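Below is one structure, written out as structure tokens, with a few remarks after it.
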Amino acid sequence: MRNFLLISFFAIICSLTNAQNQAPSASQVETTFDPESRTFIFNYNLTDTEGDTCYVVLQQKIGTDAFYNVDQATGDVGSGIIPGNNKSITYNVSTSVDLHDIKLRIFVYDRHTPSIQEMVDQVDIDKLKSYLDSIVGRRHYKSNPNHLIYVANYVNRFMIQNGLSIGHQFFKYNNIDFPNLIGRHEGLNNQNLCLINGHYDSAEFSPGADDNGTGLAGVLEACRIMHNYYFKNNLQFTSFGNEELGLIGSIDYVLNGIQPNQNIKGLINYELLGYYSDQPNTQIIPPGFELLFPAQATQIINNQNRGDFIVNTGNSTSVPLLNMWNAASAQYVPDLKVMAFPLPGNGEIAPILRRSDHVPFWDKGYQALMITDGAETRNHNYHTANDKIETLNFEFMTKVVKAGIATLATLAEPINASVQDIDLYNVLKTKYIQRPESIFIYPNPVDEVFSFTYRGISSENTIRIEIINTSGQVVNNYPLDKNPDGSYQIKTTHLPSGTYILQIIEGKYISNGRFLITGK
């Protein structure tokens, strides 16, 4: 008994120590710059509460690209850096780089690992309900384009408010621009992307609560929680457009949106997460599944065909990720029933499992999962006007979202880190600093009015709007009071058709976005 008590006490102490471990930090950064040699010197203090040696990385971003680790930096940078004051990093910038396009930060981490269980436990059922209150409603360019635009702006604003780097990708469908909504939480190795997706459109005449409001809400909740942590890899929170029209957005992303230097570690694709029933005969087994998946079919039949599980399916390439989901769910959400459906090849043998945004990733050789409640095999409201919030089981959905966060965190590998951005404005003595993040303008092309979202970063109470035509003339110029939620609307009825630049000036910062006016 005495040994048992000692072991238990030691386990409790270790648990508390891990939970209380603070991330190391770089502070009081002072910057000097020699323009002739193009050399920066950063003096800083390094703090770690436990006194652990640290890893210090200088990271650089050029334009809208992701941060990458600077190999040429010297001084108190790299591994084994002892905490203390008066640390120094020297960095000589290549002549091929425009100094006004760069952003620098110091990324610091130690040997400790943040708790994935801590992330999982933060999932809030009331937050999920709140997201769905904003999302649900017909989201289709024919039946309700206004709500489709509203939800796209809502997601974009949410990403900005949670500190993501915005990298939306636009694609055309029927000569209309639609966005794939992309927000990245940049970490240590930003060429490695770990994706989670839930498409934001709905079937033409459906309010789309389960399909796919639940999936999008799951992505937003993962974003809310996980942006407060850092990871070895880059987290990409994605909401593809026009899934219901034939996977249009995800196909375009896989063909045109993945850069040559980017490595897709895996995609978790949410496709209906909220329909659940513990009543007998509420789960249909699709024809042929008793031959393709005899063990799973037997399990469903023995459970009296209850729709009380979440489906995890992946192709042959995705088996490691499929197993990762199963293991993470079992460890962190043990009361969630998961049924895995591994498919040979790219799943051509089961077309019903090839109907969502994971498929373009499968077909290009990337790991991807579809996480689903089974759509019409369980939810009789699928693609109908009855796909409403009141039909959902939020306790079940909450468990699925927890499992998704656990899997994404496992894939991305959490690290005990902090980031210190470096202000180059006073050093470079420029009139304005160009912000790397572009302005999100939607719809685009514009008819009479457009919305845009802008995240303020200074203490200024107003921003200045400039609209510039292709001749470089400022055709409109006026101040706007800051909106707390960062959303604004601009009327363009007085402007002729053509291409324009929207320029926002906030103190020393300037941001640009391009838009097209049509229909006049």
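Values in this text are rule-based calculations from the coordinates and carry no lab data. Computed from a prediction, not measured in an experiment: that's the story for all the values here. In this analysis, Cβ positions are derived from the backbone assuming ideal geometry, glycine residues included, and neighbour counts consider all displayed protein chains.
Each residue, T95 and Q22, gets one label point 7 Å from its Cα in the Cβ direction; the gap between the two is 4.6 nm.
Near A403, once Lys and Arg are set to +1 and Asp and Glu to -1 for all other residues with Cβ below 14 Å from its Cβ, the sum equals -2. When shorter helices are ignored and each DSSP H run of at least 4 residues is given -39500 (n - 2.57), the per-residue value for the chain at 222 nm works out to -7000 deg cm²/dmol. When E30, E243 are sorted by how many other C-beta atoms sit within 10 angstrom of their C-beta, beginning with the fewest, the order is E30, E243.
What's the local net charge at Q262, with K and R +1, D and E -1, over the other residues with C-beta under 12 Å away? Local net charge: +1. Other residues with beta-carbon under 14 Å from the beta-carbon of H112 carry, at +1 per Lys or Arg and -1 per Asp or Glu, a net charge of -4.
Could you pull out the GluC sites (Glu not before Pro) across the range 265-367 that fall in loop regions by DSSP (anything but H, G, I, E, B) with no more than 14 other Cβ atoms inside 10 Å? Filter output for the range 265-367: E348.
Which of rounded, prolate or oblate describes the chain when judged by the alpha-carbon gyration tensor and an a/c cut-off of 1.5? Could you put the intermediate results ahead of the total?
Working: a/c = 2.08, a/b = 1.18, b/c = 1.76.
Oblate is the answer for the chain, as a/c is 1.5 or above yet b/c matches or exceeds a/b.
Counting pairwise Cα distances across the range 439-517, what percent come out greater than 19 angstrom? Don't jump to the answer; show the numbers that get you there.
On the way: 923 of 3081 pairs.
Summing the P(r) tail past 19 Å for the range 439-517 gives 30 percent.
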